[in-house]
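Nothing in this text is a laboratory measurement; each read-out follows from the coordinates by a stated rule. Note that the structure is predicted; figures quoted are calculated from it, not measured. A quick note on method: Cβ atoms are made from the backbone with ideal geometry, for glycine too, and the neighbour counts reach across all protein chains shown.
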Amino acid sequence: MSLSTHVLDTAHGCPAAGMAISLYRLSDGVKLRDVVTNHDGRVDGGLLGAEDCLPGQYELRFQVAAYFRARGVTLSEPAFLDEVPLRFGISGAGHYHVPLLVSPYSYSTYRGS
């Protein structure tokens with residue numbers, strides 16, 4: 001098993017380079033990683049490799065407002081979307097890809113390939 005993510009900025013029509021993301025394992029509340037997306041909106045090396053990717057519940061926290069403010073977007077205070085949490089389960093073998101498509105006012109996700 002392995003875990004990766006990809007963030008697309010739908011407001012600007014490009015990868016969300018420079019977005020901070022935290023990964024938590026929910027069974028014990030442990031923060032596993034803090035990462036920042038690269039120029040392609042991906043995390044170099046993925047989020048979890050096969051040895052660390054165990055079945056269970058996880059949460060990704062995407063720092064959406066900070067990303068858009070850094071891009072020069074004027075947001076209300078507080079921002080409509082600040083930190084976007086995505087909870088998901090890993091149940092078995094395979095690659096888990098959790099993309100985020102995001103603008104300052106909406107987001108969507110799915111299990112990617």
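Would you mind pulling out the separation of the Cα centroids of the range 1-57 and the range 62-113, in Å? A separation of 10 Å, based on Cα centres. Amide H to amide H distances under 5 Å link HIS97 with SER4, GLY112, where only residues 5 or more positions off or on other chains count and H is placed in the peptide plane.
About the centre of its Cα atoms, the chain shows a dipole size close to 120 debye [charges on the beta carbon of Lys, Arg (+1) and Asp, Glu (-1) only; nearest 20 debye]. Per-residue ellipticity at 222 nm from helix content only, as computed over the chain with -39500 (n - 2.57) for each DSSP H run of at least four residues, stands at -1500 deg cm²/dmol.
Taking amide H atoms as placed 1.01 Å from N in the peptide plane, the amide H of ALA17 lies under 5 Å from those of GLY41, each 5 or more residues away in sequence or on another chain.
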